[in-house]
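The structure under discussion appears below in the form of structure tokens.
Coordinate-derived values only; no laboratory data. If you're wondering where the values come from, they're calculated on a predicted model, not measured in any experiment. Counting neighbours? That spans all protein chains shown, and the Cβs are built from the backbone with ideal geometry, glycine included.
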Amino acid sequence: MRSACFKIWIVLLFVISGLTARTQETQKLFLSGTGSDHTANWQFFCTAGNNSGKWTTIPVPSNWEFQGFGKYNYGLAKDSLKGKEQGLYKYEFNVPASWQGKAINIVFDGSMTDTEVKLNGKSAGPIHQGAFYRFKYDVSALLNYGKSNLLEVTVSKHSANASVNAAERKGDFWVFGGIFRPVFLEALPKSHISYYAVDAKANGNLKAQLRLASVKAGSVTGQVYTLAGQKFGTPFSVKINAGDSLANISTHIASPKLWSPEFPNLYHVVFTLNENGKAVHTVKQRIGFRTVELREHDGIYVNNAKIKFKGVNRHSFWPATGRALNKKISIEDVQLMKDMNMNAVRMSHYPPDNHFLDVCDSLGLFVLDELTGWHHAYDDVVGSKLTKELIEKDINHPSIVIWDNGNEGGFNFNLDHWFDELDIQKRPLIHPWGIFRGTNTQHYINYDYGTNTGINGHDIFFPTEFLHGLYDGGGGAGLDDFWKQMWHTPISAGGFIWDFADEAVVRTDKNGELDSDGDHGPDGIIGPYHEKEGSYYAIKEIWSPVYLEPREITSAFNGTLRLENRFSYTNLKQCTFSYKLATLNGAGSKTKAGTIASPDVAPGQYGNLQLQLPKDWQNFDVLYVSAFDINKHELFTWSFQVSNHDQITNRIISKTGGSKAAITETDSLYNVKTGNGIELAFNRNSGILVSVKNAKGNIPFNNGPILVEGQDQTGFQKLTYRYEGDNLVVEAVFPPKKSEPLLKWTIYPSGWVQLDVKYWPIGEEATLMGVNFSFPEKEIKGVTYMGDGPYRVWKNRMKGTSLGVWDKTYNNTITGQGKVVYPEFKGYYSNLYWMKLQTTGQPVTIVCNSRDVFMRLFTPANPKNVYNTAPAFPSGDISFMHGITPIGTKSQKPEKLGPGGQKNQYFNYDRNIEDALTLNLYFDFSGK
């Protein structure tokens, strides 16, 4: 332990040397590391489970499971080591003799669960119960100054308090043991400010409550500074008497820059305790000026702006370190949320690391901070203590705008008064999942939920969990419908998607495999290592604060795009806009780009973007329009089709250039051979393509077109052929008003093969609409296609894609399960123009000359338990679809998530041929 002591002295000397000119400040000395990326080794003994029964070392902070000790526990599962699993810690350190006479606390930022602390063999205080809270002990009388000290900590994973186990260990989240947040000493002068709570309002009024210890007569002064260190406003002060334990101080700051997610303006306020004209202790707190109001039957307002919360639930979690995190992870998490155009995050289901709140303050996110509880609540005694610890640590963060007392029935109503009494800012208090104090926070509500309640009720509608993101369900699926409803309903305050990232842990006891505890953990919009799933980009588009109205780009387009400003505080003239025109011709592609004048559009108002396009803009295939916020961060890039399907098709295919195809017949087949050696076989009893080959060999693309639903070919009469000039036409004959009124193959002298299909679904609604072909999945290497991508879509998750040419390599990813590759390969892709199957044999090119057709690539594999997240797929392998399936959530069928979750609606009473669903496809089987 000598080397550790030496290191701690080095750190201490550095701290002291930097404070010689301002010794009245609180001094901090870390005994642990500062986060999962900077740890200190302590001696460690685990009493049960893996690697138990021996003294060794462990990094602190950490969760001991990830270091190979104990047992992994998911909260909902039974714990076979209940009451047996403990971690015994020892650490030696030194403090300087000059600290004698100071008030010294040892501080733990988080330890799971019951924590007993001894210093030099003596108890530091009562055992602390509750994992996610900062607690401290005054150890001034226990330290050996200028000498070695021994810290001993016993952490029991299972609490001796039944309510702590119920609230923290029976929740729907992982339970990890150990000291997982930093441990440090803080040294204060004997006379000092022990605590301070600040309320900085949007009108510039600032007040603070300060707790004092061992003070003499004097004063407390205050001064606000910019973050650059410049004084802002005038000094302010309050007199104190000897022995006072509380001071209230206030001032008014003229015209402060306000804090919000769009403009996270921050200041410092410095409070100084003065005795006999001398500064004896100084503390500094970062603050933001803002006012939070809950206006009954109206909404939640921040700085007098009515807020639509675009939020997500976030666990404090990293797959390789559990709850032990660092500031780098916090920064990345907040940046990802803001990149999805979120403005809020809910802490689920416990208070976060302090550095996460610091990042929310500085980068700008509204925060709902939560007392732990999941269907079970703390008792009055331990709950009161933990509530106080929660509020005292987090009270000064401007990002926190709402407190949560528990979750989903984990409310102890007897604790509500602590939030009212201890929060100087008087922020609103909610009970997530409950109807409480004018808010309805019901979870996983249906789109049409409630009569005189929910979205149609009188309380502020504020679901703190909705659109559960199990696997690829929820998240962005259904959000477009929900958000249209929420945005346009005055009583709605928005909501919070469940949840941010998959909770899959690295199992040190299973060769490092990722374990999400089956279907309990894979609920994220992103993967455990922050891999972006399809919902990520759907949310980014739907929640963009610049909303572009959909429109078709025709030859009459005058460059005007109508938009809406959905910011709360930003005028669009503070944003920037640009465009890019592009052709999608592979090696011959070209682009032109330009800027767009930013319109003067206030929050909540409509206006126009006026593009000054070049004269040749119609010679391009696609128009991209990008919006950027005041920090030049991309809000979203929209794509608009310029070239239509006819133009793209005519550019690619050639109908002439060879001799006409020859046809022979057998009892069951028409055999066709083209002038360039392609051989096709069609079943004379169905019109189905049976086989394809060319001079290089067989091409296993066959068994189609077959209608994916409502197949009704009993009226098939015969397959005929004829020549139209040099074009060979093979066509099916059906009686009138059958489900497949047209099936026609045209084989051109060039070797291109055209397929025309017209059909009607059976009935007025259909799960699936389209045609199938077969192709062996084992022979697929990938696909290159022009259409919307690169992510797949569902019927109720169409947003977030972009028109382009995409290269996708085959993968068999199950979203959120095991080893994943994103974007997934299998599934539906919208707005197909053309595709080229890359295979182990010969490629196959297919051009689609019909609008609004989905490309279907095989059927995604499913995990064991799918709930409502395994939509129906056609029976074939490659499909061309007019109607696809939506996806549900863990608790809701897709039809409960809004219009997009309904079946495909189609109505044509007379079945006019002009109204039939039409497919026009071209095939290149040449192997090029």
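Quick one: grab the alpha carbon gyration tensor of region 2-188, order the square roots of its eigenvalues as a ≥ b ≥ c, and give me rounded if a/c is under 1.5, else prolate or oblate depending on whether a/b is larger than b/c. It comes out prolate by the Cα gyration axes. Our compactness index for region 768-828, the C-alpha radius of gyration over the empirical 2.2 N^0.38 Å, is 1.19. Each Lys or Arg adds one and each Asp or Glu takes one away; over the other residues whose Cβ falls under 15 Å from the Cβ of Pro899, this sums to +2. For semi-axes √(5λ) of the Cα gyration tensor in Å, the candidate list reads (i) 62, 31, 24; (ii) 56, 33, 25; (iii) 47, 35, 32; the entry that matches the value derived from this model is (i). Charges were assigned to the Cβ only: +1 to each Lys and Arg, -1 to each Asp and Glu. The resulting dipole of region 750-902 about its Cα centre is roughly 480 debye.
Please say if region 295-357 is rounded, prolate or oblate, where rounded means a/c under 1.5 for a ≥ b ≥ c the square roots of the C-alpha gyration tensor eigenvalues, and otherwise the choice is prolate for a/b larger than b/c and oblate otherwise? It is prolate, given that a/c is not under 1.5 and a/b is the larger ratio.
Descending by average beta-carbon neighbour count within 10 Å, the peptides 365-373, 139-147 line up as 365-373, 139-147, the highest first. Legend: calculated FRET efficiency, Asp646 to Lys257, from the Cβ-Cβ distance at R0 = 56 Å, rounded to 0.05, equals 0.55.
Within the shell defined by Cβ-Cβ distances under 12 Å, the residues around Thr560 carry a net charge of +1, with Lys and Arg each +1 and Asp and Glu each -1.
Think of each Lys and Arg Cβ as +1 and each Asp and Glu Cβ as -1; about the Cα centre, that makes the dipole of region 681-801 roughly 260 debye.
Other residues lying with their Cβ under 10 Å from the Cβ of Glu549 contribute a combined charge of +1, Lys and Arg counting +1, Asp and Glu -1. Between Ser80 and Glu332, residue separation times 0.36 nm minus the direct Cα-Cα distance comes to 87.1 nm. For a paramagnetic label modelled on Gln43 (point 7 Å from Cα along Cα→Cβ), amide N atoms under 16 Å away belong, within region 139-153, to 148-153. Mind giving me the FRET efficiency for Ser589 and Glu724? R0 is 35 Å, r the Cβ-Cβ distance, nearest 0.05 is fine. In this case the efficiency is close to 0.50. About its Cα centre, the chain has a charge dipole of approximately 2140 debye under the convention of +1 per Lys or Arg Cβ and -1 per Asp or Glu Cβ, with nothing else charged. Summed over qualifying helices (DSSP H, 4 residues or more, each -39500 (n - 2.57)) and divided by its residue number, the chain shows a 222 nm mean residue ellipticity of -2500 deg cm²/dmol.
Defining a contact as two alpha carbons under 8 Å apart and six or more residues distant in sequence, what relative contact order in percent does the chain show? Answer for the chain is 8 percent.
Judged by the mean number of other Cβ atoms found within 10 Å, the most tightly packed of the peptides 831-838, 718-725 leads the ranking 831-838, 718-725. Amide H contacts for Glu513 (H built 1.01 Å from N in the peptide plane; partners 5 or more residues away or on another chain; cut-off under 5 Å): Arg507.
Taking the charge dipole of the chain about its Cα centre, with +1 at Lys and Arg Cβ atoms and -1 at Asp and Glu Cβ atoms, the residue from Asn698, Tyr579, Thr39 reaching farthest to the positive side is Thr39. Packing, taken as the mean count of other beta carbons within 10 Å per residue, orders the peptides 349-362, 206-219 from highest to lowest as 349-362, 206-219. Here the Karplus curve 6.51 cos²θ - 1.76 cosθ + 1.60, taken at θ = phi - 60°, turns the phi angles of region 844-850 into couplings of 10, 9, 10, 10, 9, 10, 10 Hz, with x standing for Gly and Pro. Across region 252-265, computed HN-Hα scalar couplings (Karplus, 6.51 cos²θ - 1.76 cosθ + 1.60, θ = phi - 60°) run 10, 10, 7, 6, x, 6, 7, 8, 7, x, 7, 9, x, 6 Hz from first to last residue, x flagging Gly and Pro. Using +1 at the Cβ of each Lys and Arg and -1 at the Cβ of each Asp and Glu in region 802-927, identify which of Asn908, Gln817, Gly898 lies farthest towards the dipole's positive end. Positive-most Cα among the choices belongs to Gln817.
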